[in-house]
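The values are calculated or read from the model by the stated rules, or taken from the named source; none is laboratory data. If you're wondering where the values come from, they're calculated on a predicted model, not measured in any experiment. Virtual Cβ from ideal backbone geometry, glycine too; neighbours counted across all protein chains shown.
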Amino acid sequence: MDTPVNKKKLSLKEKYSYLTRDLAWEPSYQSKEDLFPYATYEGIKVHDWEKWEDPFRLTMDAYWKYQAEKERKFYAIIDAFAQNNGHLKITDARYLSALKIFLQAISPGEYAAHKGFARAGREFPGVGPQVACQMQAIDEIRHAQTQIHAMSNYNKFYSGFHAFADQRDRIWYTSVARSFFDDAMSAGPFEFMIAIGFSFEYVLTNLLFVPFMSGAAYNGDMSTVTFGFSAQSDEARHMTLGLECIKFMLEQDPANVPIVQKWIDKWFWRGFRVLGLVSTMMDYMLPKRVMSWREAWNIYGEENGGALFNDLARYGIRPPKGWADAGEAVDHMSHQFMLALYQWNFGTAFHTWIPSDEDMEWLSKKYPDTFDKYYRPRWEHIKKMDEAGTPFNNFGLAKLCQTCQLPTVFTEPGDPSTLCHRETEYKGETYQFCSDHCCDIFNEEPEKYIQAWLPMPALFQDPLNGDLEAWMKWVSLENGSDNGDYQGSHDQTSFQKWRAMTTSN
Amino acid sequence: MSTVFIAFQTNEETRPIIEAIELDNPSATVHQEPAMVKIDAPDELVIRRETIEEQIGREYDLQELQVNLITMSGHLTEDEDTFTLSWK
């Protein structure tokens, strides 16, 4: 028998140090400035990269081990879902509208985040963030892939899933998420980390993934819960990285504080606008709802964000400038956005509908101060128009905000009966905005935002020249199948027919 | 006082982990939500490897938590024996 050898096991800290810090080297024939040319122009001062502590201390070998396990679990469930006609177990095919928005607007954002982190990992001079960004870049591409794989099963049966890439590039409501990521990717590496790592991951993804995915489970959608929670298991690490990055910047030099504060103000509001889509998915598109957007905001926005900003106060950081306005808007945004999506539903690659009496009861209970007063009367009016055979479609186009790219459908803070609209002039051109905060963001960097691609002007340019039918073709929207009211749609009739077949012969 | 939290997928792997967390954190509140369990605690929450090992009857590496983790809040400190979230 061999004598057992006593191998000394490395501590987590030592292992992390060997497999991370020791991967770095001092350049000998190139200067550090030439190797990392984007590390200083944003004005962030770093004195000691060694101070960067990754609290998860995850090394590449452990990373691959756990990620492989997550993938095996994920694909086992996705296979089972397809084999057992899982798509017929969802509560109602209305639910699919939320998934279509997710696929068209959010999944491409995962891919954009992948590109951004791959770049940030290359541009940071410290090895701690290099390794963490590399892992996150791989996570993000995994998220995009698993989401597309999971939802491809629905594409076999339902409309609106077939052209998400074209719709990401060209349709109007996805450009809010697209422009958010484009804006982040065209910023420097430190701002990118505040945009995605901190604002999006730490402050906002809980609102997207946690109650919405729990909602997917509640609505019988096993495949979405699976990709959602599989992605979310990486998010905990991403949030930690975002928080670590902001602490690192604030601790390195007091001169970093005002720069970081400005980015927090900007990226909180940019992210909050992206969440307008999510608020509508949660309040209107889940047939069975776990919690309202307001309740989710109270837990993950007010309480969690509040704890975070309390903590950051010791560095001289205050809550983002739009914080109070956001808190007020939470009682209105899902209603205002669903009304917008409904009236322009000839141009959406998903279905909308007039909320049922039961839905409206729920909304009025969840929004006691706003729904009955401001939104129920509008839905009742729209319902009457529909019953009279003249459904409300708005063939006029709203002004688009030059910053967040949403149509200007939101109302003034303190006055929910007046549309909020701002404009500014720059080099002889007039630009439109949905809010003071988006206008302020533009004024900080006008040369950046005047270059923004906006979806509505594309309709009026050559070769479309305002031709709606040609526009639909260009955005890969199947008129009469992908768009319009859920009542009478292919999705509705197919789902009812197939579901009936599961319980009878 | 600020709340820290951690959430896990509801499954057989996390059930004993959640029991271990409840044992080590008497002030924690456990919320059962569809497909997930969220645990809130005032200011600090500690997850101990030893307590989990007693619950599951085998050796446990705290990094295994990541497989079923959904989200968390607070500053994280991790070593071989403990996984701590805090707002302190």
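For the reader, a short list of remarks on this structure follows.
- Condition check for residue A:367 on (1) out of contact with any helix residue (DSSP H, G or I) (no Cβ under 6 Å at 6 or more places or on another chain); (2) within 14 Å of chain B (Cβ to nearest Cβ); (3) buried (at least 23 other Cβ atoms within 10 Å of the Cβ): one failure, at (2).
- Exactly one residue out of A:462, A:440, A:436, A:491 is within 29 Å of residue A:158 (Cα to Cα) and out of contact with any His (no Cβ under 6 Å at 6 or more places or on another chain): that is A:491.
- Residue check: residue A:283 meets all listed conditions (1) of a type in the set (Asp, Glu); (2) at pLDDT 95 or above; (3) under 25 Å from residue A:403 (Cβ atoms); (4) surrounded by fewer than 20 Cβ atoms within 10 Å (Cβ to Cβ) but one, namely (4).
Residue-by-condition table, conditions (1) modelled with pLDDT under 95; (2) surrounded by 20 or more Cβ atoms within 10 Å (Cβ to Cβ):
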{"position": "A:267", "(1), (2)": "no, yes"}
{"position": "A:302", "(1), (2)": "yes, no"}
{"position": "A:307", "(1), (2)": "yes, no"}
{"position": "A:315", "(1), (2)": "no, no"}
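- When the stretch A:258-274 is filtered for residues that are closer than 9 Å to residue A:44 by Cα and in contact with a Gly (Cβ under 6 Å, 6 or more places away or on another chain), only A:259 remains.
- Within the stretch B:32-43, the residues that satisfy the criterion of being in a strand (DSSP E or B), farther than 16 Å from residue A:226 by Cβ and within 10 Å of another protein chain (Cβ to nearest Cβ) are B:33, B:38, B:40.
- Helices (runs of 4 or more DSSP H) wholly inside the stretch A:158-251 that include at least 1 residues being under 13 Å from the mean Cα position of the chain (by Cα) and under 16 Å from residue A:275 (Cβ atoms): A:175-185, A:205-218
- Among the residues making up the stretch A:204-230, a single one is buried (at least 24 other Cβ atoms within 10 Å of the Cβ), more than 10 Å from chain B (Cβ to nearest Cβ) and closer than 30 Å to residue A:315 by Cβ: A:208.
- Qualifying residue in the stretch A:411-419 (condition: surrounded by fewer than 18 Cβ atoms within 10 Å (Cβ to Cβ), of a type outside the set (Ser, Thr, Tyr) and touching a strand residue (DSSP E or B) at 6+ places or on another chain (Cβ under 9 Å)): yes
- Filtered residues of the stretch A:301-323 (kept if closer than 16 Å to residue A:275 by Cβ and in a helix (DSSP H, G or I)): A:301, A:302, A:304, A:305, A:323
- Among residues of the stretch B:51-83, those that are touching a residue at least 60 places away in the same chain (Cβ under 8 Å) and at the interface with chain A (Cβ under 7 Å from one of its Cβ atoms), counted: 6
- Out of A:82, A:62, one residue alone is modelled with pLDDT under 95 and away from chain B (no Cβ under 14 Å). It is A:82.
Residues are listed down the side, and each one gets a yes or a no for (1) aromatic (Phe, Trp, Tyr); (2) in contact (Cβ under 8 Å) with a residue 60 or more places away in the chain:
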position: A:305; (1), (2): no, yes
position: A:313; (1), (2): no, no
position: A:329; (1), (2): no, yes
position: A:332; (1), (2): no, yes
position: A:337; (1), (2): yes, yes
position: A:340; (1), (2): no, yes
position: A:346; (1), (2): yes, yes
position: A:353; (1), (2): yes, yes
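- So residue A:505, is it more than 23 Å from the chain's Cα centre (by Cα), over 27 Å from residue A:352 (Cβ atoms) and surrounded by 13 or more Cβ atoms within 10 Å (Cβ to Cβ): no
- Residue within the stretch B:14-23 that is touching a strand residue (DSSP E or B) at 6+ places or on another chain (Cβ under 7 Å), facing chain A (nearest Cβ under 8 Å) and either part of a helix (DSSP H, G or I) or of a type in the set (A, V, I, L, M) (or both) present: no
- Any hit, the stretch A:92-108, residues being in contact with an Asp or Glu (Cβ under 9 Å, 6 or more places away or on another chain), more than 17 Å from residue A:212 (Cβ to Cβ) and surrounded by fewer than 20 Cβ atoms within 10 Å (Cβ to Cβ): no
- Verdict on residue A:115 being surrounded by 22 or more Cβ atoms within 10 Å (Cβ to Cβ) and within 27 Å of residue A:273 (Cα to Cα): no
- Selection of the stretch A:82-91 for residues being out of contact with any Lys or Arg (no Cβ under 9 Å at 6 or more places or on another chain) and surrounded by 17 or more Cβ atoms within 10 Å (Cβ to Cβ) yields A:86, A:90.
- Those residues of the stretch B:45-84 which are over 27 Å from residue A:74 (Cβ atoms), crowded, with 18+ Cβ neighbours inside 10 Å and at pLDDT 95 or above, in sequence order: B:45, B:48, B:51, B:84
- Here A:239, A:291, A:285 are screened, and the one residue that is away from every other protein chain (no Cβ under 14 Å), in contact with a strand residue (DSSP E or B) (Cβ under 9 Å, 6 or more places away or on another chain), touching a residue at least 12 places away in the same chain (Cβ under 8 Å) and not hydroxyl-bearing (Ser, Thr, Tyr) is A:285.
- Qualifying residue in the stretch A:38-47 (condition: part of a helix (DSSP H, G or I) and either touching a helix residue (DSSP H, G or I) at 6+ places or on another chain (Cβ under 8 Å) or over 29 Å from residue B:69 (Cα atoms) (or both)): no
- Residue within the stretch A:138-150 that is touching a Lys or Arg at 6+ places or on another chain (Cβ under 8 Å), of a type in the set (D, E, K, R) and within 14 Å of another protein chain (Cβ to nearest Cβ) present: yes
- Residue match in the stretch A:207-228 (condition: closer than 21 Å to residue A:327 by Cβ and among the hydroxyl-bearing types (Ser, Thr, Tyr)): no
Table: residues versus (1) of a type outside the set (Val, Ile, Thr); (2) in contact (Cβ under 8 Å) with a residue 60 or more places away in the chain; (3) under 17 Å from residue A:196 (Cβ atoms).
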| site | (1), (2), (3) |
| --- | --- |
| A:89 | yes, yes, no |
| A:128 | yes, yes, no |
| A:140 | yes, no, yes |
| A:165 | yes, no, no |
